[in-house]
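Contents: one structure, followed by commentary.
The values are calculated or read from the model by the stated rules, or taken from the named source; none is laboratory data. These numbers were taken from a predicted model, which means no experiment stands behind them. Because the Cβ atoms are built from the backbone with ideal geometry, glycine has one as well, and the counts that use them run over all protein chains shown. When the accessible area is computed, the model is the full protein with side chains, heavy atoms only, and any ligands, DNA or RNA have been set aside. Shrake-Rupley method; radii C 1.70, N 1.55, O 1.52, S 1.80 Å.
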Amino acid sequence: MLSRAMEYQPFLHKSRSGIPKKKLFGAVCAVGIGGAFQYGYNLSIINAPTLHVHKFINETWYSRYNTQLDEGLLTLIWSVIASVFTIGGLFGTFIGGHAAVKLGRKKALLVNNVVAILAALFMGIAQPAGLFELLIVGRFLIGINAGVGMCVQPLYLGEIAPKKIRGLTSVGINIFLTVGILTGQIVGLREMLGGESSWSLLLSSCAIPALIQLLTLPCFPESPRYLLIDKKDEYQCQKALKSLYGSRHYQMEMDDIQKESRALNGEKQKTILELFFEQSVKWQLITIIVANIGQQLSGINAIYFYAVYVFKKAGIPSANIPYVTLGTGVCECITAMTCGLLIDRVGRRVLIIGGYSLMALFCILLTITLTFQDSYPWIPYFSMAAILTFILSFGLGPGGVTNTLTAELFTQSSRTGAYMIGGAVNWMSFFAIGMVFPFIVNGLNQYCFLFFLLTCIIIATFIYIIVPETKNKSFLDIKEDFQKLNYGHSYISSREVEDNSITQDDSM
């Protein structure tokens, strides 16, 4: 009997750990291709055809009015084409949050692909039709698509993942984002679709990820947490869990979802306004606002701005710089994958605090090397190394962990609203830094990194003081960890109540 029991121990251990089936990995890929990948891809491809689009706008203007377009107006039109993406993203965040509640996570993502296909159609026919205005419409629509995807995708992934690999699953968002950016850089090369005759195909190629998701996502189930807690459908929840984890490994996660459902006791989804006045999520909300602002104000945009300048100073010909910048995309992909491997082992706090701390260090190094860029021929190479290591630090910390925190700090009734708030803050910060950044650079030059240094230090300190480790904890446990902050030291946790009752029983 003893030998028989020992024979089954490995199997029992595997069952207790709740290791998911390959279908969970497939679901992550199907969701990622139309979500974060699509966002990163469209963020990246707009840079390659800049000169060709300028020429198209000039020719269109001349054919309409028989006059040359003023340089200032050309810059304004191009700025609108590029930046309307962020406005669409902001709208998409709110649309995605409401759609995720009304339609469900899976259906919201599927319908979102129709928006991407429409965007591709508008951008694809803009040149043949001679209407540069269609580029504005297309970029706005693909921005909406990105906003919906970046709101609903992490919501879905955070809800389907078992807590032991929830960090890795959530970091999948950043992996797909960085792969999307790198793919956009490659496809945007002049040998691919970045040439003068093919730039409209480049912009309309966003239809391909949308079609892939439309074909693959129906093979995977709806979020089990959404089915049980929001829709009160225990049978479909159980069916979805079995589909993702297998019939032998789903029960632990089912118990966790049922426990959360009982704790919420039929609590309805909270609106954005209700969340701002909800005492029980005050510090969780402050945390995701600070973390999302930090992503944009950390200096990552300045790094990409200065990368071209530094590469030129290092003697790289201008024609070859697009190929060299592929190295930055490769760096981001490597760190996103590394973060995915480390996040469930070392924890969220170590990665995000360490990432911001390293970024602060390289801000100092970049300020020094850029100041003395022309003094010695070897200094530009130090600047290149600092740029690459800054990108590595960003991907390993704030770039990879921020979405995971948003998924973990809230229970089901607050999570959708939290993603809408976090996403809105991120898009608004993205837009603001895009508008203000040129003036910061013109006013401070390389000393702008001192501003980013201060930002990185403040956010790292905030997370160190406020945010507890969330690794291997249930959503209810994480909520419990924040209650002392939300209600003060007078708050008595459920664990303390249980310990007191045990003590009283022992004394009797």
Legend entry - For the chain, convex hull of alpha carbons as volume per residue, Å³: 184
Legend entry - Relative contact order (%) - the chain, alpha-carbon pairs under 8 angstrom, separation at least six: 21
Legend entry - Ranked by how many other beta carbons lie within 10 Å on average, peptides 102-108, 391-397, 170-176 from highest: 170-176, 391-397, 102-108
Legend entry - Protection-proxy order for peptides 459-466, 61-68, each taking the mean of Cβ atoms within 10 Å per residue, highest first: 459-466, 61-68
Legend entry - Among MET252, VAL171, PRO224 - extreme Cα towards positive end, dipole of the stretch 157-268, charges at beta-carbon: MET252
Legend entry - Violating pairs (Cα-Cα greater than 26 angstrom) within the set LYS22/LYS270; LYS102/LYS473; LYS231/LYS471; LYS259/LYS282; LYS107/LYS471: LYS22/LYS270; LYS102/LYS473; LYS231/LYS471; LYS107/LYS471
Inset, instruction - Give me the distance between the Cα centres of the stretch 325-352 and the stretch 371-404, rounded to whole Å. - result: 14
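Roughly how big is the chain's charge dipole about its Cα centre, with Cβ charges of +1 (Lys, Arg) and -1 (Asp, Glu), in debye to the nearest 20? Can you show the working numbers first?
On the way: 39 positive and 32 negative charges, 206 e Å.
So the dipole magnitude of the chain works out to roughly 980 debye.
When the solvent-accessible surface of protein heavy atoms is calculated with a 1.4 angstrom probe, in what order do VAL179, VAL436 fall, highest first? It would help to have the intermediate numbers written out before the result.
Details: VAL179 45, VAL436 75 Å².
Listed by decreasing accessible area, they come as VAL436, VAL179.
Based on the Cβ-Cβ distance of SER247 and ARG345, what FRET efficiency does E = 1/(1 + (r/R0)^6) give at R0 = 35 Å, to the nearest 0.05? Could you put the intermediate results ahead of the total?
Details: r = 28 Å, r/R0 = 0.81.
After rounding to 0.05, the efficiency reads 0.80.
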Inset, instruction - Could you work out the Kirkwood radius for the stretch 63-149, taking every pair of different alpha carbons, averaging 1/r and inverting it, reported in Å? - result: 13.9
